[in-house]
Amino acid sequence: MYLIHEKSQAVDILKMYITEVERQLDRNVKIVRSDRGDEYYGKYDKSGQNPGPFAKFLEKKGIRAQYTMPGTP
């Protein structure tokens, strides 16, 4: 469990978590599931979907993102 004070810390905590899991289990993380909140998914504007830092990090690492509806437990 990681405690964060702001949602903007989510990417940094995710990086730490993925590093820890991959080292302990000697396996790669393949999928991360989260809600479709702006801090994870990104923002939509007139030019289309602009991925946020969370989505960009997953893409860079080759990790597949699965999104649920916002507010889904």
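The values are calculated or read from the model by the stated rules, or taken from the named source; none is laboratory data. If you're wondering where the values come from, they're calculated on a predicted model, not measured in any experiment. Note: ideal-geometry Cβ built from the backbone for every residue, glycine included; neighbour counts use all protein chains shown. Calculation scope for accessible area: heavy atoms of the full protein, side chains included, ligands and nucleic acids excluded. Shrake-Rupley method; radii C 1.70, N 1.55, O 1.52, S 1.80 Å.
Here residue 19 meets each of (1) open to solvent by less than 80 Å² (accessible area, probe 1.4 Å); (2) at pLDDT below 90; (3) not aliphatic (A, V, I, L, M) with one exception, condition (2). Only one entry of 45, 26, 12 meets the criterion of being among the charged types (D, E, K, R) and modelled with pLDDT under 80, and that entry is 45. Beta carbons closer than 6 Å, at least 6 apart along the sequence or on distinct chains, pair a first residue in region 51-73 that is surrounded by 15 or more Cβ atoms within 10 Å (Cβ to Cβ) with a second that is modelled with pLDDT of 90 or more and part of a loop (DSSP other than H, G, I, E, B) for 63/29.
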